[in-house]
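Just below is one structure, and these are the notes that go with it.
None of the figures in this text is laboratory data; all of them are computed from the coordinates on show. The model shown is predicted, which means the values in this text are computed figures rather than measured ones. Reconstructed Cβ throughout: ideal geometry from the backbone, glycine too, with neighbour counts over all protein chains shown.
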Amino acid sequence: MADKMELRDVEVWDGNFAAAQALRQVQVDVVSAYPITPSTPIVEGYAKFLADGYVDGEFIMVESEHAAMSGCIGASAAGGRVATATSSQGLALMIETLYQASGMRLPIVLNIVNRALAAPLNVNGDHSDMYLARDSGWIQFDAYNPQEAYDLNFIAFRVAEDHDVRLPAVVNQDGFLTSHTAQGVKTIDDDTAFNFVGEFKPMNDMLDLDHPVTHGVQTEEDWHFEHKARQHNDLMTKVFPKIQEVFDAFEKMTGRKYSMVETYDMDDADVAVVCMGTTVETAVIVAKEMREKGIKAGVVGIRVFRPWPFEQLAEILKDVKAIGALDRSSPNGAPGALYNELAGTLFNTDTKAALTGYIYGLGGRDITKVHLTEIFEQLQANAEAGKPTTPLQQFIGVRGPKLSFL
């Protein structure tokens, strides 16, 4: 390992710097990157650590985000520990290569600092890019604050690099709201952090000339279906116990507990919102205020977005009377993605919960306590009526007349 960097027990870091520190501490071999707002400080931070001698690796500046992931694919296939970061339009340009990385089972870690997709151009945070990548075959984690952006990088590397998994992983964090907001982060010393992830152990690497392999083969109709259905999809469902195993190991090391689905006041909740990112923390505050008003409100935060935690969510939501799915991305003529995921999860269960969807926070628009109070009050009305009393999908916080559909 390179020379150590001294850390205090608690540092004041934003989400970008926290992620960059994690890349340093696990001693990433190659970062191939094309910077884009608001994720630039992650790869810039790694480059600075490299220039200062804290990392023994390579930083490759390329001509586009497509080339950035292509460089990551080459470095990972050659047997290196590899990572990068991107956002929004950068991810959109990169998306073709994401399918290549997952299909070739390359354990790359990608930090996506979530940002709206154009047009119109917007550099602020929503979950459009997170949703864009959801079917690309990558494991996806979601951080709600800088501490989690730091912790989940270690977890992502350990899960992705497990030889029974060998799938790439994403760590999502909200653009600006997490990436550029400084908070206290409880750090892990360099040796402990590196040892948690461990030395990188290549598997099927192209530079092992004694054991030649082929990557990215062409299958057509003879084997393509089997590759996707029997290997990749089946493998993703088997990732759950590995993730839980790593969550448990991380809790033992740090005392910080993570779950595939995070729950807050859900033991006796009549109504609940399901959400991701920084919204989770705001919703928890409002739910507690609702309880003071006699509404048994709870919050469910999605920690692992892919693979989708069907069984955990069905169990958590089985006794809830009304559920609100909060989507921070425009559905463009369909129900929100999170709404659809929850509808599919609950459809063949015994639940009689009224499920409604809320589109909010596009392009960085704030979701306030007032908005969340309105949502919880609507859910309470749905619970009392035993059915939706409002449109199945509505926009929260948009200026002008109320906008809804379905």
task: Kindly provide the helix-only [θ] at 222 nm of the chain, computed as the sum of -39,500 (n - 2.57) over DSSP H runs of four or more divided by all residues, to the nearest 500 deg cm²/dmol?
output: -11500 deg cm²/dmol
message: Test of understanding: ordering S64, S404 by Cβ neighbours within 10 Å, fewest first, what list do you get?
response: S64, S404
field: Fewest-first sequence of T97, T390, T368 by Cβ atoms within 10 Å of each Cβ
entry: T368, T390, T97
task: Among the GluC sites (Glu not before Pro) in the range 1-90, which ones are in a DSSP loop with at most 16 other Cβ atoms within 10 Å of the Cβ? Mind listing them?
output: E6, E63
message: Just to confirm the filter: which chymotrypsin sites (Phe, Trp or Tyr not before Pro) across the range 304-388 are DSSP coil and have at most 11 other Cβ within 10 angstrom of their Cβ?
response: F347
message: Loop only by DSSP, 13 or fewer other Cβ within 10 Å of the Cβ. Give me the GluC sites (Glu not before Pro) in the range 161-224 that pass, ordered by residue number.
response: E199
query: When the Karplus curve 6.51 cos²θ - 1.76 cosθ + 1.60 is applied with θ = phi - 60°, which whole-Hz ³J(HN,Hα) does each residue of the range 192-205 get, with x for Gly and Pro?
result: 5, 4, 5, 5, 4, 7, x, 4, 6, 10, x, 9, 6, 7
- request: Could you please rank D151, D319, placing first whichever residue has the fewest other Cβ atoms within 10 Å of its Cβ?
  value: D319, D151
statement: Per the C-alpha gyration tensor (a ≥ b ≥ c, the square roots of its eigenvalues), the range 1-80 is rounded if a/c is under 1.5, else prolate if a/b beats b/c, else oblate; here it's oblate
query: By how many degrees, between 0 and 90 and to the nearest 10, does the Cα long axis of helix 369-385 differ from the longest principal axis of the chain?
result: 60 degrees
- prompt: What list of ³J(HN,Hα) couplings, whole Hz, do you get for the range 149-165 from phi and the Karplus terms 6.51, -1.76, 1.60, once you set θ to phi - 60° and write x for glycine and proline?
  reply: 4, 5, 5, 5, 5, 4, 5, 4, 4, 5, 5, 4, 7, 4, 5, 7, 10
task: For the range 327-380 and the range 234-294, compute the distance between their C-alpha centroids and round to whole Å.
output: 17 Å
